[in-house]
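The values are calculated or read from the model by the stated rules, or taken from the named source; none is laboratory data. Note that the structure is a prediction, hence the values are computed from the model and not measured. Cβ sites come from the backbone with ideal geometry, for glycine too, and all protein chains shown count toward neighbours. Only protein heavy atoms, including side chains, enter the accessible area calculation; ligands, DNA and RNA are left aside. Shrake-Rupley method; radii C 1.70, N 1.55, O 1.52, S 1.80 Å.
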Amino acid sequence: MKDEDKFKEYQISESDVDKIINYLKIVDPENATPENAISFLGHYATRFHEMGHALTDDQLQEFYNQFKNDKIDA
C-alpha cells in the first residue's frame, strides 16, 4: 500500500458549509448561501489537489513550513 492510498478524498461536511456561510456573511453577504459555500469548498479542494501534483518538493515543503508556523502561532 502506497502512502497516498491511506488518505481519503475530502468530503464536504455540513460543519464546513456552515463555517463558509458564516465567513461569506462577513465578506460577501449577498452570496452567503449554502450553494456558494459548497461551490467554494469544492473549488478549493480541487485546487489543492492540483497543486499537490504541480508543486516541486521544495515548494510543497515551503507550504508545509508556512502551515506549521501558522499553526504554532495560533
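Contact map, region 33-50: residues that are farther than 13 Å from Lys19 by Cβ paired with residues that are open to solvent by 70 Å² or more (accessible area, probe 1.4 Å), Cβ distance under 6 Å, separation 6+ or inter-chain. Pairs shown: Ala45/Tyr10.
Considering only residues in region 15-58 that are surrounded by 10 or more Cβ atoms within 10 Å (Cβ to Cβ) and among the β-branched types (Val, Ile, Thr), the one that is farthest from the chain's Cα centre (by Cα) turns out to be Thr33. Under the condition of being modelled with pLDDT of 60 or more and in a loop (DSSP other than H, G, I, E, B), the residues counted in region 1-15 number 7.
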